[in-house]
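A short worksheet on the structure shown next.
The values are calculated or read from the model by the stated rules, or taken from the named source; none is laboratory data. These numbers were taken from a predicted model, which means no experiment stands behind them. So basically every Cβ, Gly included, is an ideal-geometry build from the backbone, and we count neighbours across all protein chains shown. Surface accessibility is based on the protein's heavy atoms, side chains included, excluding ligands, DNA and RNA. Shrake-Rupley method; radii C 1.70, N 1.55, O 1.52, S 1.80 Å.
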Amino acid sequence: MQHRENPFQPIYDICNRGDSKQKLASLPDFPRYIDVELTNSCNFHCLMCPSGTLTMKRKKGVMKEDLFDKLIHEIEPYKTPIRLIRWGEPMLHPKLIDFIKKLKSIGSLAHINTNGSLLNERVIDELLDIPLDSIKFSFQGVDRKSYSEMRNIDFFDELMEIVKLFYVKRGERAKPFIHISTTITYETAEQVKSFRERIEDSVDLVSIGRTVLEHIDVSEVRLGKDETEMLKHLKEQETVVKKHPECPEVFDKLSINWDGTVSACCADYDNMMLVGDLKTNSLQEIWRSKSMTHYRTMLADMRHDELAICRTCYDYHGLQTPGLQNIN
């Protein structure tokens, strides 16, 4: 069975061309793609995530259908690709399948990130029949032990089987593109190699980076004693090379929360970089707003350390600087 090409890759290739100053001088008329948060709730309690550690302060909720329909109306002229990701598990949304069908009906590419725990054969068949364009399974670590430590649940082997089932059921279909992504702290090159060998024949792409834990304040987490001690232990072993990337966000995309508020940054989990609200502003207005211009100007000058979200943003997958994180 041949592996597929990522339908989003041509977009990512365009977004990765040039440095921030070049991008500032040649902004697209509309976002090249948009991240949409269907919910900021999750059924996992991962230690590297502000949702899992209960440090996220904003209200929990799910996107209403009329708000999603407004999004559809605004992106339809552009056929803007949509990634259903951000700070929750999208498969918790009761309208997920319907929303993906709406995106496909207007000719947009549709992608989801998932922890995989809510997938079963029925849901897999529904996603395949639409068809969904791409799916990323979020792992953590590279084996059962390292996954369980960070994800705070013993689900590594089960997730492996779900990914393999998805791949087998896709069969000879062209879509979706199947991607798995993980990050590591202390794991060795041998462990990384073993992980790749175990799964690479059942996916189209394996991405491995370094886990960033600097944004998690242990004093603010609401976890049990054992979980807190594990988080402290993992933070001590954080190995990410702390190099700020050329910003991959503000020049090419927007991030929409479940309630319609819009952020300049996908990493903004507590509304620190809001630039508008889909309920009251058009995406075109938000895209060309003074707030977006402000953030673009700052990040074109690599002034990451002046922004709370950006100061802990690192090139953790080496996407901007190949080989930086010394994974492969």
Legend entry - Between the range 36-50 and the range 248-298, the alpha-carbon center distance in angstrom: 20 Å
Inset, instruction - Work from the charge dipole of the chain (Cβ charges, +1 for Lys and Arg, -1 for Asp and Glu, about the Cα centre) and give the residue of ILE286, HIS45, CYS266 farthest towards its positive end. - result: ILE286
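Quick check: net charge around LEU274, other residues with Cβ under 12 Å of its Cβ, Lys/Arg +1 and Asp/Glu -1? Working shown, then result.
On the way: positive: ARG58; negative: ASP259, ASP268, ASP270, ASP277.
Value of the local net charge: -3.
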Inset, instruction - Please identify the longest segment of the chain free of exposed GluC sites (Glu not before Pro), where exposed means a DSSP state other than H, G, I, E or B and no more than 16 other Cβ atoms within 10 Å. - result: 6-171
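Percent of Cα-Cα pairs more than 12 Å apart in the range 174-215, please. Could you put the intermediate results ahead of the total?
On the way: 549 of 861 pairs.
That tail contains 64 percent of the Cα-Cα pairs.
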Legend entry - Candidates ARG210, ARG83, ARG303, ranked by Gaussian network fluctuation over the chain, Cα under 10 Å, top entry: ARG303
Legend entry - Accessible area, probe 1.4 Å, largest first, for residues THR239, THR114: THR239, THR114
Inset, instruction - Provide the solvent-accessible area of LYS145, counting protein heavy atoms only and rolling a 1.4 Å probe, rounded to the nearest 10 Å². - result: 120 Å²
Inset, instruction - Could you give me the percent of Cα pairs per 10 Å distance bin for the chain, shortest bin first, beginning at zero and ending with the bin that holds the maximum distance? - result: 5, 25, 36, 27, 6, 0
Inset, instruction - List, in order, the whole-Hz ³J(HN,Hα) value for each residue of the range 142-158 obtained from phi through the Karplus relation with A = 6.51, B = -1.76, C = 1.60 and θ = phi - 60°; use x for Gly and Pro. - result: 9, 8, 4, 5, 5, 5, 5, 4, 8, 7, 6, 7, 8, 9, 4, 5, 5
Inset, instruction - State the number of lysine pairs found in the range 1-115 whose Cα atoms come within less than 26 Å, restricting to pairs 8 or more positions apart or on distinct chains. - result: 23
